[in-house]
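This report concerns only the one structure given below.
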Amino acid sequence: MDRANLALASYLARQGGPVRLVAHRIAAELLAYPNVRFIQVPKPAGAYLLGEPLLDAAGRYWGLRTLAEGGEVVANGGNCTIPAVNWLHYVHAAYASEGTGSLVRRLKTVVSNRYYRHTERRAVRKARLVIANSERTREDILRATGISSERVHIIYLGSDPERFRPTPPEERRAARATLGWPEARRVAIFVGALGDRRKGFDTLFEAWARLCARGDWDVDLKVAGGGAQLESWRHKVRTRGLGERIQFLGFRKDIQVVMAAADLLVSPTRYESYGLGVHEALCTGLPALVSRATGVAERYPPELRALLLDDPDDAGELVQKLEAWRAQGPALAPHVAELSATLRAWTWDRMAAEMVGLLERERSR
């Protein structure tokens, strides 16, 4: 959501009109615009849950003031309850995160889930117009809130075609050399936080263990992402004797380099309103095996349905999908390239312009 919000704020700032940003933090590049005013909201003890009421209060104050001055207001989900535009990147009512770790941490997760669902439902019902990032998100919003379907519009997330673009062979070799990966060895990657079960790494781990047990599986797995369960997963990998087949890279800022060096992205996520990581992988020309229920799966043409996983809990199905990719990968390449071109053409600026156009049309009615 941070990348999408940055794209919209940057686009608006470049149009020259006054822009107010109410948030806990913003990208430094936005502060360089003289027409941008940043209203910083504190986050007590660094906790989002404690900062939410403050963000809502500040958002309502500045939002109502902006509306009174003839401006427009865009809020995210339950962050601010105001009769304006609500742009949802994630529907809390669609998936309840499972707490991990200590009892206090698990209780915090339960309290957070209930709080976010309540504020989300209240804010969306109050909104004049709701924008979803996929048909999946739109359907989740309608089920969770009961608002009329006419109020919810879909605008897909954009892309950065300069950063995420098809990788020429020489760049792929350079990326592999940078990461220390053998040139001839096939590599699949998983990108996501290891904080709970939502991203489906547990399913991928079990599938990978089954494949490696056979002896003829010649693909290694690299995991890009941090999270509270990272050390636990490292221990499980060592215990199962998979240290040579599964490598944890930790959180990466150079994810485009990791994607450039890989042969496949695997994302058996249990919930994803859209799936920007999958989207970005596809933009680089990387085939991406993803759960069918994610928002980004809507963008897949029929020729790539073999890369869609029906049940993110089914390690056996994932094994079959991975085996099929290993056997049919070259045949999928032209269709991946075609989808990649389509996604790259829908840039962040085009997304932002589409949103501005939608709001202007709605205001003129």
* Asked: Since Arg270 meets every condition but one in (1) part of a strand (DSSP E or B); (2) crowded, with 19+ Cβ neighbours inside 10 Å, which condition does it not meet?
  -> (1)
* Can you spot a residue in the stretch 241-250 that is in the same structural domain as Asp314 (by TED's automatic domain parsing), on the phi > 0 side of the Ramachandran plot, touching a Leu at 6+ places or on another chain (Cβ under 9 Å) and part of a strand (DSSP E or B)? -> yes
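Specify the residue that is farthest from Ala352 (Cα to Cα); the eligible residues are those in the stretch 1-52 that are basic (Lys, Arg) and part of a loop (DSSP other than H, G, I, E, B).
Step one: list which residues in the stretch 1-52 are basic (Lys, Arg), which gives 3, 14, 20, 25, 37, 43.
So of that shortlist, the ones also part of a loop (DSSP other than H, G, I, E, B) come out as 25, 43.
Numbers: Arg25: 20, Lys43: 28 Å.
Looking at the filtered set, the residue picked out is Lys43.
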* To do: Go through the residues of the stretch 212-231 one by one and say whether even a single one is in contact with a helix residue (DSSP H, G or I) (Cβ under 8 Å, 6 or more places away or on another chain) and part of a helix (DSSP H, G or I).
  => no
* To do: Please state which one of Ala228, Ala207, Ala177, Ala188 is without any contact (Cβ under 8 Å) to a residue 40 or more places away in the chain and in the same structural domain as Leu282 (by TED's automatic domain parsing).
  => Ala177
* To do: State the number of residues belonging to the stretch 328-357 that are closer than 14 Å to Leu282 by Cβ and in contact with a Gly (Cβ under 7 Å, 6 or more places away or on another chain).
  => 4
* Structure fact -> Given the conditions (1) modelled with pLDDT of 95 or more; (2) under 23 Å from the mean Cα position of the chain (by Cα), every one holds for Val110 apart from (1)
* Being of a type outside the set (Phe, Trp, Tyr), assigned to a helix (DSSP H, G or I) and modelled with pLDDT of 95 or more, is that true of even one residue in the stretch 150-166? -> yes
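One line per residue, one yes/no per condition, for (1) outside the structural domain of Gly195 (by TED's automatic domain parsing); (2) more than 19 Å from Ala193 (Cα to Cα); (3) of a type in the set (A, V, I, L, M, F, W, C):
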position	(1), (2), (3)
Ile39	yes, yes, yes
Glu69	yes, yes, no
Asn76	yes, yes, no
Asn86	yes, yes, no
Ser97	yes, no, no
Val104	yes, yes, yes
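Please find, among Ala345, Ala324, the residue that is surrounded by fewer than 17 Cβ atoms within 10 Å (Cβ to Cβ) and closer than 21 Å to Gln256 by Cβ.
Criteria check complete, one pass: Ala345.
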* What number of residues in the stretch 53-100 are part of a helix (DSSP H, G or I) and touching a residue at least 12 places away in the same chain (Cβ under 8 Å)? -> 17
* When you go through (1) at pLDDT 95 or above; (2) hydrophobic (A, V, I, L, M, F, W, C); (3) not assigned by TED's automatic domain parsing to the domain that holds Leu64 one by one for Ala144, which number turns out not to apply? -> (3)
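The values are calculated or read from the model by the stated rules, or taken from the named source; none is laboratory data. Note that the structure is predicted; figures quoted are calculated from it, not measured. Cβ sites come from the backbone with ideal geometry, for glycine too, and all protein chains shown count toward neighbours.
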